[in-house]
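Enquirer: There's a structure below that I have some questions on.
Coordinate-derived values only; no laboratory data. Because the structure is predicted, anything quoted here is derived from the model rather than measured. When we count neighbours, we look across all protein chains shown, and the Cβ atoms used for this are built from the backbone with ideal geometry, even at glycine.
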Amino acid sequence: MGLMTSLPNDILLEILESLDWRDLIACRRTCHRLDTLAGTAVPLQYTIELAACGMLDGERGLHTLPIRERLDRLKLHQDAWLNLTWTKNNDLAHLLGRTYSASVTGLALAFPSRLDSTLLLQTVPSFLRGIDEDHKILNGPTGIPVQLDLSQDLWISMDIPPDDTSDITCYLKSISTGDAHSSAHNEGCMRFSRRWAGVDCCGNYILLSRHGVDFTSTVLVHNWKTGIVESEKREYWSIGTEEYLSRNGWFLDESYILLDMDRLTSDATGPRTFQSSSAGCLVVVPISPSDTRSYRFFLPDFFQDIYWAHRIIPRCTGGFVQGCFYDDPADRLLSLRPSLRTSSSGPQFVIDIPVRTFTAYIQAHPGDAGAPVVVPWEEWGPRGTRITLETATGPAFSPRTSVHGMRRLSVRADSRSSGTVTVLDYHPRRVARALARGDAKVTHGGTVGNVVTLLPCIETTVPLPEGPAHSLAGHMLGVWLCENGVLLVESLLRDKTITNAWAYSI
């Protein structure tokens, strides 16, 4: 260290600028000179500020901005998330007459038309990130489900026939041109002989799920660039006992997917089978068919009686790399809302789990091939999750809980009467900064019954625009969270077409 500190400042700066933020912070702790240098040099301040905010420097967009201006914008960007306000609704007049968003990916939302086979792709702007408001019309099959990946210029749609006997067609198109995606296998067209109910995408993979007539659900992981079926999983439900799951998101990353069954059998000659008598744990399995491990993360005892669960995992990719800085796509939150047989009309729970909770455990416990790894709740849950009581939204509010990155938008049954919604931020470094500065409300975990969870989060109350807060009966609200803020739409309940739209862009 003595030799290093004898170097002139310009050489030291060049060395420090080549380090990632962890090494940079470690160097600051070694001596007063390096600490002073890193604390006053703007490029090093920017690197440290990006890390503290959980963000990465942009790879394209307004990367030509002077680094001082990027640093100033980054600080304002973080402050803006703690003081959300709304734009005027006439800024989004082109949404009127559309229906609810069919997909959210990064900073874009997709709205199908009720009148024709078009899809409106809406980009929520951000002055601080250098993202302009943009919208475009995509033509072609827009039947739900629709998935978008802006980082790969990928638009996935399905042409689903009205009967269960006809083939369905899955199209993989370019968002920019509307033609078949140039990297897609078989000219961007895949046909399946049975009806599939859902689609998800992550990198080179798309996942299709289907409910069969034999009360089974099949999950198919497909490499859309090579046409190779990577993996097939089959799950069993007992419909007579009302055990089923509603899903929104399967991929933890490009190596693992999240299933929901709690008993597993393995057949070396065929696909693994998951059978369930309850849904008391979350099952994580590798995508690779040659990797036969599985992990069963058990929930507290009172969740053994789950009969329905809705979950959201934000996309791994999609629009993240636009602008002069962007959210780290590795930081994502799983939000699970289960309902229990014993309390289907009573209290409802929300379980928020950082995806890194699963992946960090798997890295630390590789497990054995073919042998399920049982992870008791006490080993992973209390410190890695937050369970709260959260009453479901009522009929005057669209029941959509939106998640982006490490933030979740909490829309409760009393949100309209109270005139507020809440943004919860679970990013550990942002939470640590809020605790140190005391400039935001930090909630330390949650307690439900005798179950204590310790994962902290920042709570930010967001007032609704005056219109939706005082709308007449018969109007419904839908709220979405994306990378550049919050989008709220008001619609007529009778035809579900948007009549007003507001946005907060950061």
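Enquirer: Taking other Cβ within 10 Å of each residue's Cβ, how do ASP368, ASP79 sort, fewest first? Mind dumping the intermediate values first?
Expert: Working: ASP368 9, ASP79 13.
So the residues, fewest neighbours to most, are ASP368, ASP79.
Enquirer: Still on this structure, I have one more. ASP439 versus ASP179, label points 7 Å from Cα toward the beta carbon: distance in nm?
Expert: 4.9 nm
Enquirer: Whole-Hz ³J(HN,Hα) for each residue in segment 425-435, computed from phi via Karplus 6.51 cos²θ - 1.76 cosθ + 1.60 with θ = phi - 60°, x for glycine and proline: what do you get?
Expert: Taking θ as phi minus 60°, the curve returns 10, 9, 5, x, 6, 5, 5, 4, 5, 5, 5 Hz for segment 425-435.
Enquirer: Let me ask something additional. For segment 180-192, take each phi angle, set θ = phi - 60°, evaluate the Karplus expression 6.51 cos²θ - 1.76 cosθ + 1.60, and give the result in whole Hz per residue in order, putting x for glycine and proline.
Expert: My calculation for segment 180-192 gives 4, 5, 5, 8, 7, 6, 6, 6, x, 9, 10, 10, 10 Hz in order.
Enquirer: Would you mind ranking ASP352, ASP179 by Cβ crowding within 10 Å, fewest neighbours first?
Expert: Values: ASP352 23, ASP179 11.
Going from least to most buried by this count: ASP179, ASP352.
Enquirer: Would you pull out the residues with amide H under 5 Å of ARG332's amide H, same chain only if 5 or more places away, H placed 1.01 Å from N?
Expert: Those qualifying (amide H under 5 Å, at least 5 residues apart or on another chain) are VAL355, ARG356.
Enquirer: Between beta-carbons, use under 10 Å as the cut-off and find the net charge around LEU44, counting Lys and Arg +1, Asp and Glu -1. Display every interim value, and only then the final one.
Expert: On the way: positive: ARG28; negative: GLU17, GLU49.
Local net charge: -1.
Enquirer: What length, rounded to one decimal in nm, is gained on full extension from LYS75 through to ASP495, with 0.36 nm per residue of separation minus their alpha-carbon distance?
Expert: On the way: separation 420, 0.36 × 420 = 151.20 nm, distance 4.24 nm.
Stretched fully, the LYS75-ASP495 segment lengthens by 147.0 nm.
Enquirer: Hey, fewest Cβ within 10 Å first, where do ILE257, ILE160, ILE228 land in order?
Expert: Numbers: ILE257 24, ILE160 18, ILE228 11.
The order, fewest Cβ neighbours first, is ILE228, ILE160, ILE257.
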